[in-house]
1. Any residue at all in region 77-85 that's among the charged types (D, E, K, R) and on the phi > 0 side of the Ramachandran plot?
2. Exactly one of these conditions fails for Glu239: (1) charged (D, E, K, R); (2) within 15 Å of the chain's Cα centre (by Cα); (3) closer than 28 Å to Glu337 by Cα. Give me its number.
3. So Pro355 clears everything in (1) surrounded by fewer than 24 Cβ atoms within 10 Å (Cβ to Cβ); (2) within 16 Å of the ligand (Cβ to nearest atom); (3) part of a helix (DSSP H, G or I) except one condition, right? Which one?
4. Could you tell me how many of the residues in region 111-169 are in contact with a Cys (Cβ under 7 Å, 6 or more places away or on another chain) and within 22 Å of Leu193 (Cβ to Cβ)?
5. Got at least one residue in region 287-310 being on the phi > 0 side of the Ramachandran plot and touching a residue at least 12 places away in the same chain (Cβ under 8 Å)?
6. For region 27-79, give me each residue that is away from the ligand (no atom under 13 Å from the Cβ), surrounded by 17 or more Cβ atoms within 10 Å (Cβ to Cβ) and not hydrophobic (A, V, I, L, M, F, W, C).
7. Only residues in region 197-226 that are farther than 30 Å from Ser270 by Cα count as the first member; pair them with residues that are in a strand (DSSP E or B) and aromatic (Phe, Trp, Tyr), Cβ under 9 angstrom, at least 6 apart or cross-chain, and list the lot.
8. Within region 153-164, does at least one residue satisfy the condition of being in a strand (DSSP E or B), free of Cβ contacts under 8 Å to residues at least 24 places away in the same chain and either closer than 22 Å to Tyr261 by Cβ or in contact with a strand residue (DSSP E or B) (Cβ under 8 Å, 6 or more places away or on another chain) (or both)?
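The values are calculated or read from the model by the stated rules, or taken from the named source; none is laboratory data. Just so it is clear, the structure is predicted and the values come from calculations on it, not from any experiment. When we count neighbours, we look across all protein chains shown, and the Cβ atoms used for this are built from the backbone with ideal geometry, even at glycine.
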Amino acid sequence: MGRILIIGAGGVGNVAVKKCAQIPEVFGEIMLASRTLGKCEKIRDEIREKYGREIKVAKVDADNVSELVKLIDGFKPDIVVNVALPYQDLVIMEACLQTGVHYLDTANYEAPDEAKFEYKQQWAYHERFKEKGIMAILGCGFDPGVSNIFCAYAQKHLFDEIKTIDIVDCNAGSHGKGFATNFNPEINLREFLHNGKYWKDGKWVETPPILSTDCVHFPFDYPIAGPKESYLIWHEEMESLVKHIKGLERIRFWMTFSENYLNYFRVLHSVGLTRIDEVDYNGCKIVPIKFLKALLPDPGTLGTNYSGKTVIGCVMDGIKGGQPKKIFIYNVCDHTECYNEVQAQAVSYTAGVPPIIGAMMVITGVWKGAGVFNVEQLDPDEFMDALNKYGLPWVIENFKGEVPQ
Ligand code: NDP
């Protein structure tokens, strides 16, 4: 039986810990640590009541290596799962190196003062993790995460060569609020301020950001959800997939946004509330986007009246046995069912279950190695089986729809 330390008691952390509590045969000892102890205690109490299990909780500042080292040395986990914020990735990796414990996260590193994300800083840890004989598994949420695993599975079983990948992400749910983000508002809004970017014929091509009138979008016909306007954005898994999917000619990422979301976002941006630099307010320094985060609904509380579904998957085009082949592999997740299971909406659920499956792969010895890995570098088969077993079933269909060429 394994010991798992989960850092971050937000929307995603709540799902991750409750999922662990449902799998005592793998996760014998569970600790949840976060900045605000009260949030950990609330989740602990819900787990005690619903599953009759005791988990340990702790307060930790995950920006502080020595605090983390002390916590890890005290609890002695087999793996640390980081579902705090991308700002903490490097610090938690450093603490895992010092204590010789495996590391896993769901979002790549970002510096608070620069709205930019890339794997460079985390990949730079490869040799140190290798020397220490431990694994760092990067981007093991849904997208990145399951989206990468879908590609690895398709490369292994469904194609001789994959030529194009279009990752499509649709939230066709309704939370009933005027404006809210489905994961941490600061991280969410920073992400969508970027230019779009996709990869074609060995080169990255930039496109305007979603707030621009020139941004690239098209109506993708999602199963169950139907046609939804999908916007071309930059998303981190493309950076690793172009390295690990052989023969790939093009990869793009599309996400749906409602007109309502875009209108609110435009206004918030135009009045300066998405700024990430400090401004002076009556002699006090504030960062507008952090202030905005404090005003917006906590994504962890959105589940109560959320209805509808998420549909996320990969359209792939390639060759099998000398014949052209097009498939769509995807998951559909229902907001209300997630709430009934773990008191969370489907975006937290789809992001919170995969890191637990990843941790399970490490604890049970299915994923072995030393160094820093993106999930598509690891064997997808048992992970795919576990998705079906633990609440994120997938479907593979011949793709008959259209994506822009
Ligand atoms: P939340 O803001 O709801 O939760 C983050 C948690 O981390 C909070 O409990 C917060 O503490 C805690 N935290 C922040 N800073 C520190 C710190 N310095 N020390 C200790 N704890 C800290 O975010 P979400 O749960 O929505 O998202 C969590 C992560 O999941 C993010 O990195 C996000 O990018 C990622 N994600 C990945 C997805 C995927 O599919 N790959 C999809 C969705 C999200 P406090 O409660 O005190 O604020």
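1. Our first condition is that a residue be among the charged types (D, E, K, R); within region 77-85, this holds for 78.
Still in the list and also on the phi > 0 side of the Ramachandran plot: none.
No, that holds for no residue.
2. Result: Glu239 fails condition (3) only.
3. Exception for Pro355: condition (1).
4. 2
5. yes
6. Passing the criteria: Glu29, Arg44, Pro77, Asp78.
7. Filtered contacts from region 197-226: Tyr222/Tyr330; Pro223/Phe328; Pro223/Tyr330.
8. Scanning region 153-164 turns up no residue that is in a strand (DSSP E or B), free of Cβ contacts under 8 Å to residues at least 24 places away in the same chain and either closer than 22 Å to Tyr261 by Cβ or in contact with a strand residue (DSSP E or B) (Cβ under 8 Å, 6 or more places away or on another chain) (or both).
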